[in-house]
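Just below is one structure, and these are the notes that go with it.
The values are calculated or read from the model by the stated rules, or taken from the named source; none is laboratory data. Predicted model only: the values in this text are computed from it and were never measured. In this analysis, Cβ positions are derived from the backbone assuming ideal geometry, glycine residues included, and neighbour counts consider all displayed protein chains.
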Amino acid sequence: MTTTLETTVRHVVEVGQFDRAGVERLFAAADRMRELPRTAVPLSGRLLATLFYEPSTRTRLSFEAAMLRLGGGVISTENAREFSSAIKGESVEDTVRIVEGYADAIVLRHHEQGAAHRAAAVSAVPVLNAGDGPGEHPTQALLDLYTIRHELGRIDGLRVALVGDLRFGRTARSLARLLRLTSGTELVFVSPPAVPMGDDVRAELDAAGVPQRDEPNLAAVLPDVDVVYQTRIQRERFATSEEYEASRGVYVLDRPAMDRLNPGAVVLHPLPRVDEIAPEVDADPRAAYFRQAHNGVYVRMALLTAVLGGDDGHDS
Ligand code: CP
C-alpha cells in the first residue's frame, strides 16, 4: 500500500506507509463517516475477516462495528491462538492464504512482531495490522492523531508526552513514528528505566528532525505539554513478574497530577488501563480517552472504505 491508498492491494501494516497528505485525506474521510446516514451501505456485499491471536475489546469490535455500519459483513475468530488451526501448527501465512478466499479484507492481531508483514506478503486481499506483538499498531496511531486534531483543533506545534511502557507498548511506538509527519512537534518520553522508547523509533525521529528527550519526572512535564499519552505497562511482554512489578505504578495520573497539568492539554490512553489513570480523572474534560476509543469506529470506517474501494462520500 502507498500512503495514498491507491494501489490495488492496500495493506495497512505500519505507519511508515503514510505521508501527511494521506493522513489528511483519511481524517477528512473519517469526518464524513461521522455524518454517514444509517441507510448508506457503501460496502454492501463485502466481507471482512477479523483474525485475533491476542485479546482485544476496542480494536476488534470497532473494526467489526465499522464494517457493519458500512453495510458489509464480518467473519471472526476472536481467540485464533487457541480456537483456530494455529493450535494444530498452521502458519499465519497458510491461514491468510485460506481466509483470502473467504473475505475481501483481513484484520490481523498477532503476538509476533512482523506477523502483519508476513501476512501481507502472501495475501491477495488487504491486510490491516491490528497489533503485532510489541511492533506496531498503525490504525490505533491514526485514531490517536485524529483524536488530537479533534480535541485540540491541530496536529502541529504540539508538545507531546508519551508516558509508561514505551518499549513494549506498540501504540506509543506507532504514534511516535506517525508524529514525524507533523511540524513543530516536541516529544518527551516518560518511562520507567526498564521500558524506554526503542532506538529504532528515536533514530527515525532524529532523521525527521523531531526534537525528543527523556524526562523521568512526570510532574515536571505536566504544566508544559499539550498532550499526555498515558499507556499501560504491558504485563504480558515481561519475562518475569518481578520485572513487571518494578515498572508498574511508577507514573500514575490522579487528581494531584491533573491539577498540575496544562489547562489546555488533553489526556489520551489507548486503553485498556489498569492503574495508571485513576478513575477520579475520568470526569475531567481534558480526559479524552473514551472519546478517543469511539473515534476508532470512524477512522476504521475510513480505512476500510479506502482499502476496499468504497465510496467515502468525497465529491471527486
Ligand atoms: N487500544 C487497543 O488496542 O485496545 P484493545 O486491545 O482492546 O483492542
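Odds and ends about this structure:
- The residue that is farthest from the ligand (Cβ to nearest atom), counting only those in segment 59-78 that are in a helix (DSSP H, G or I) and surrounded by fewer than 17 Cβ atoms within 10 Å (Cβ to Cβ), is Leu68.
- Only listed residue being touching a strand residue (DSSP E or B) at 6+ places or on another chain (Cβ under 7 Å), within 20 Å of Arg10 (Cβ to Cβ) and among the acidic types (Asp, Glu), chosen from Glu112, Glu136: Glu136
- Those residues of segment 262-308 which are of a type in the set (D, E, K, R) and either at pLDDT below 95 or away from the ligand (no atom under 16 Å from the Cβ) (or both), in sequence order: Asp275, Glu280, Asp282, Asp284, Arg286
- Looking at segment 143-261, the strands (runs of 3 or more DSSP E) lying wholly inside it that each contain 1 or more residues that are hydrophobic (A, V, I, L, M, F, W, C) sit at 159-163, 186-190, 227-230.
- Qualifying position, being buried (at least 20 other Cβ atoms within 10 Å of the Cβ), outside the structural domain of Ser191 (by TED's automatic domain parsing), touching a helix residue (DSSP H, G or I) at 6+ places or on another chain (Cβ under 9 Å) and of a type in the set (Lys, Arg), among Arg109, Arg81: Arg109
- The single condition among (1) in contact with a Phe, Trp or Tyr (Cβ under 6 Å, 6 or more places away or on another chain); (2) of a type in the set (Gly, Ala, Ser); (3) modelled with pLDDT of 95 or more that Gly16 does not meet is (1).
- Odd one out for Leu205 among (1) over 30 Å from Phe27 (Cβ atoms); (2) of a type outside the set (Phe, Trp, Tyr); (3) surrounded by 15 or more Cβ atoms within 10 Å (Cβ to Cβ): (1)
- Annotation: Arg170 fulfils all but one of (1) within 16 Å of the ligand (Cβ to nearest atom); (2) touching a residue at least 60 places away in the same chain (Cβ under 8 Å); the unmet one is (2).
- For segment 42-58, the set of residues classified as part of a loop (DSSP other than H, G, I, E, B), buried (at least 16 other Cβ atoms within 10 Å of the Cβ) and away from the ligand (no atom under 16 Å from the Cβ) consists of Pro42, Leu43, Arg46, listed by residue number.
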